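Here the structure comes first, spelled out in structure tokens, and everything after it is commentary.
The values are calculated or read from the model by the stated rules, or taken from the named source; none is laboratory data. Every value quoted in this text rests on a predicted model; they were computed, and no experiment measured them. Neighbour counts are summed over all protein chains in view; Cβ atoms, including those assigned to glycine, are modelled from backbone coordinates with ideal geometry.
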Amino acid sequence: MAPKSRLGWLGPAVVILGLVVGSIGVWVIYKNKPRNGPLIDTIEVDPNTKIIIRAEANGPNAFAELIEGGELKWQSLIPPYAGRKGRVGVAVTETAVAVRVVRGDQAELFCLARANGTKLGGVHLGLGHTNLKLDGDGPLQFSDARRTYEIVAGDGWNQVVAVDLTLGNPLWKQDLGPAPVTAGGMTGGNLWLVQGGLKRWFNVFSGKEDRSMTRTGKTFEELEREAQGGPLPAPKSP
């Protein structure tokens with residue numbers, strides 16, 4: 001009589017092994033799936049629209065969410081957010097949501113479609129500079145709903161970069177020197193920044209600094225001496 005085959009158990013064993021491996025794979029995918037973490041900030045775009053930034057619970061990244069009429073329209077995973085509560089890093093237009101992020105040691109503007117949260121592209125900031133500061137207290141950006149003006153800082157340097165949010169292209173940049181930017185805003189066709197206690201004005205279209213006496217209330221000589229840290233000239237005798 002021919003001996004019985006001992007291979008009959010291999011079929012069920014292979015099936016069982018496949019199920020076990022598949023289950024482990026599903027568990028690993030579930031465990032590593034990005035999940036919502038703590039709320040970082042809520043940015044009100046208008047009375048009906050909010051952008052919410054959340055941390056990633058099981059990773060270094062973050063989530064951007066668009067809320068309209070109290071309903072979640074989309075949620076997108078983004079690189080680590082550069083802002084925090086009180087230091088906003090989100091600019092919004094009718095077509096785009098631009099978020100300041102940090103990828104490695106590089107500052108970046110991460111752009112999403114406002115309609116559905118898909119990535120439109122990214123703009124690298126502070127190119128040619130090193131030692132990016134990740135924990136500064138100054139503002140990150142200012143926006144006029146068409147362009148955003150990104151403040152990038154590192155050890156011994158500061159820079160402002162204007163980005164067209166419709167085209168997603170950098171328009172101009174200005175190196176600002178070592179003093180940190182502490183405040184700023186938009187007035188007409190100008191961006192103003194407070195740096196080292198001085199208020200500086202830049203044309204939003206060209207980035208050219210307006211140092212006229214009409215704008216600053218000071219003579220060119222006074223501005224030069226302030227920039228160099230020297231004493232102001234003594235007042236003339238009457």
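Residues checked against (1) polar (S, T, N, Q); (2) modelled with pLDDT of 95 or more:
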| residue | (1), (2) |
| --- | --- |
| 143 | yes, no |
| 149 | no, yes |
| 155 | no, no |
| 178 | no, no |
| 187 | yes, no |
| 198 | no, no |
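This table checks each residue for (1) within 19 Å of residue 184 (Cβ to Cβ); (2) crowded, with 22+ Cβ neighbours inside 10 Å.
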site	(1), (2)
107	yes, yes
127	no, no
138	yes, no
169	no, no
Problem - Within the range 83-142, considering residues that are in a loop (DSSP other than H, G, I, E, B) and β-branched (Val, Ile, Thr), the one nearest to residue 43 (Cα to Cα) - result: 88
Exercise for the section: Evaluate the range 77-88: report whether one residue or more is of a type in the set (A, V, I, L, M), surrounded by 18 or more Cβ atoms within 10 Å (Cβ to Cβ), touching a Gly at 6+ places or on another chain (Cβ under 6 Å) and modelled with pLDDT of 90 or more. Expected result: yes
Exercise for the section: Give the number of residues within the range 161-195 that are farther than 17 Å from residue 211 by Cα, of a type in the set (A, V, I, L, M) and in contact (Cβ under 8 Å) with a residue 24 or more places away in the chain. Expected result: 7
Exercise for the section: State which residue is nearest to residue 135 (Cα to Cα) when the search covers only the range 165-205 and only residues that are touching a Gly at 6+ places or on another chain (Cβ under 9 Å), aliphatic (A, V, I, L, M) and not in a loop (DSSP other than H, G, I, E, B). Expected result: 181
Handout entry: Hey, residue 66 at pLDDT 90 or above, more than 13 Å from the chain's Cα centre (by Cα) and surrounded by fewer than 21 Cβ atoms within 10 Å (Cβ to Cβ) or not
Key = no
Exercise for the section: Could you check residue 134 against (1) surrounded by 13 or more Cβ atoms within 10 Å (Cβ to Cβ); (2) among the aliphatic types (A, V, I, L, M); (3) under 13 Å from the mean Cα position of the chain (by Cα) and say which number it fails? Expected result: (1)
Handout entry: Residue in the range 15-34 that is in contact with an Asp or Glu (Cβ under 8 Å, 6 or more places away or on another chain) and modelled with pLDDT under 95 present
Key = yes
Practice task
Would you be able to tell me the number of residues in the range 93-131 that are in contact (Cβ under 8 Å) with a residue 60 or more places away in the chain and over 12 Å from the mean Cα position of the chain (by Cα)?
Solution key: 3
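Would you call residue 162 surrounded by 15 or more Cβ atoms within 10 Å (Cβ to Cβ), part of a strand (DSSP E or B) and modelled with pLDDT of 95 or more? Talk me through it step by step, then tell me what you get.
Numbers: surrounded by 15 or more Cβ atoms within 10 Å (Cβ to Cβ): yes; part of a strand (DSSP E or B): yes; modelled with pLDDT of 95 or more: yes.
Here the answer is yes, as residue 162 does meet what is asked.
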